[in-house]
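Structure record follows, encoded as structure tokens.
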Amino acid sequence: MELETGNLNIRHFKLANGEEIIGILSVKNDDSYIIERPVSLVPNMLGQMQFQHWFPLSEAKNFKVYK
């Protein structure tokens, strides 16, 4: 399976609480961002970083993050 990423606008965000998320930037407004399928970066026991679903119990695919 091959994924075409040429048109995706993937961005890294560091939130005010220190959490880091990566997702597809769908919409950029003056006061917020709409991010599709965000994942958070979490350290593992080996000192490396791994991805984890952001809000794993939510069925939503799009999230609004205020600036």
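General observations
- Note on Lys14 and Glu36: their simple-model spin labels are 2.7 nm apart, each label 7 Å out from Cα toward Cβ.
- Within the accessible area of the chain (1.4 Å probe), percent carbon and sulfur: 52 percent
- Cα shape, the chain, gyration tensor, a/c 1.5 rule: oblate
- In nm, spacing of pseudo-spin labels at Gln52 and Leu25 (7 Å Cα→C-beta vector): 2.6 nm
The values are calculated or read from the model by the stated rules, or taken from the named source; none is laboratory data. Just so we're clear, the structure is a prediction, and the values are computed from it rather than from any experiment. Reconstructed Cβ throughout: ideal geometry from the backbone, glycine too, with neighbour counts over all protein chains shown. These accessible areas exclude ligands, DNA and RNA; they are computed on the full protein's heavy atoms, side chains included. Shrake-Rupley method; radii C 1.70, N 1.55, O 1.52, S 1.80 Å.
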